[in-house]
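Let me begin by presenting the structure, written as structure tokens, before commenting on it.
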Amino acid sequence: MPKTRPKTTPKETKPKMKSKLQPKPVSITSSKTYWITLALMMVVFGSVYGYITKVAVVAIGLLLATVLVLIGFAFYLKFKQSTQNNRIRATFIFSGASIIGFLIWVAVVLVLDATGSWVQIEASMSDNFFAVTSLIICLTSGAIIGDILFENKEKISLFLQNKFSR
């Protein structure tokens with residue numbers, strides 16, 4: 001009689017230990033306290049610097065508004081994460097800034113010129129300074145509008161289809 005050898009079972013391999021999950025590196029920009037502190041520091045230092053250099057109060061206010069809008073936009077982008085394609089989101093933000101933001105700026109400048117307020121702005125600060133700072137504010141506002149349109153593009157598309165389909 002032939003000897004029957006017991007079937008050998010392959011050695012059970014222990015599952016490899018997964019590498020320990022390493023915590024994500026902590027970023028200072030992920031703290032909302034950072035953004036609040038940054039905004040407050042910019043207001044304080046901008047005001048003090050403007051006072052020391054004897055810049056017009058209106059110019060200081062406009063410059064601080066510009067900086068705060070840019071900080072607010074960076075905060076918005078950091079905490080308003082999108083689950084959709086970043087390339088398309090960037091396109092909407094760029095389109096919003098370049099088209100909508102520029103049209104807002106043109107409207108502001110035309111209204112100020114039509115009402116005669118442009119002369120008062122020139123008297124209190126340089127018209128070039130106003131043009132650049134107001135353009136930055138309007139372009140940033142247009143970028144936020146572009147991102148909002150991106151997030152709601154399906155709703156807008158359905159609304160327009162219902163509105164214009166017969």
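The values are calculated or read from the model by the stated rules, or taken from the named source; none is laboratory data. Being a predicted model, the structure only gives us computed values, none of them experimental. Neighbour counts are summed over all protein chains in view; Cβ atoms, including those assigned to glycine, are modelled from backbone coordinates with ideal geometry.
Among residues that are at pLDDT below 80, of a type in the set (Val, Ile, Thr) and surrounded by fewer than 10 Cβ atoms within 10 Å (Cβ to Cβ), THR4 is included.
Of the set (1) small (Gly, Ala, Ser); (2) at pLDDT 90 or above; (3) exposed (fewer than 11 other Cβ atoms within 10 Å of the Cβ), all apply to ALA90 but (3). Do we find a residue being closer than 17 Å to THR140 by Cα and touching a Gly at 6+ places or on another chain (Cβ under 7 Å) anywhere in segment 109-123? So far as segment 109-123 goes, no, none of its residues is closer than 17 Å to THR140 by Cα and touching a Gly at 6+ places or on another chain (Cβ under 7 Å). Taking segment 123-139 as the range and being touching a helix residue (DSSP H, G or I) at 6+ places or on another chain (Cβ under 8 Å), under 14 Å from VAL58 (Cα atoms), part of a helix (DSSP H, G or I) and of a type outside the set (S, T, N, Q) as the test, the residues that pass are ASP127, PHE129, PHE130, ALA131.
Give me the residue from segment 127-147 that is out of contact with any Phe, Trp or Tyr (no Cβ under 6 Å at 6 or more places or on another chain) and without any contact (Cβ under 8 Å) to a residue 40 or more places away in the chain and, out of that set, farthest from THR91 (Cα to Cα). Top of the filtered list is ASP127.
Only one of these is among the hydrophobic types (A, V, I, L, M, F, W, C), surrounded by 12 or more Cβ atoms within 10 Å (Cβ to Cβ) and within 23 Å of the chain's Cα centre (by Cα): VAL67, VAL55. Name it. Of the residues listed, the single one that is among the hydrophobic types (A, V, I, L, M, F, W, C), surrounded by 12 or more Cβ atoms within 10 Å (Cβ to Cβ) and within 23 Å of the chain's Cα centre (by Cα) is VAL67.
Report yes if THR37 is touching a Ser or Thr at 6+ places or on another chain (Cβ under 6 Å), of a type outside the set (A, V, I, L, M, F, W, C), at pLDDT 90 or above and surrounded by 11 or more Cβ atoms within 10 Å (Cβ to Cβ), otherwise no. Considered against the rule, which asks whether it is touching a Ser or Thr at 6+ places or on another chain (Cβ under 6 Å), of a type outside the set (A, V, I, L, M, F, W, C), at pLDDT 90 or above and surrounded by 11 or more Cβ atoms within 10 Å (Cβ to Cβ), THR37 comes out as no.
Could you go through segment 17-34 and let me know if any residue there is modelled with pLDDT of 90 or more and surrounded by 12 or more Cβ atoms within 10 Å (Cβ to Cβ). Yes, segment 17-34 contains a residue that is modelled with pLDDT of 90 or more and surrounded by 12 or more Cβ atoms within 10 Å (Cβ to Cβ). Annotation note: Cβ proximity below 7 Å between a residue of segment 63-81 that is over 23 Å from PHE129 (Cβ atoms) and a residue that is among the polar types (S, T, N, Q) (sequence gap 6+ or interchain) occurs for LYS78/THR29.
Restricting segment 82-126 to residues that are of a type in the set (Phe, Trp, Tyr) and touching a residue at least 24 places away in the same chain (Cβ under 8 Å), which is farthest from LEU149 (Cα to Cα)? Checking each candidate, the answer is TRP105.
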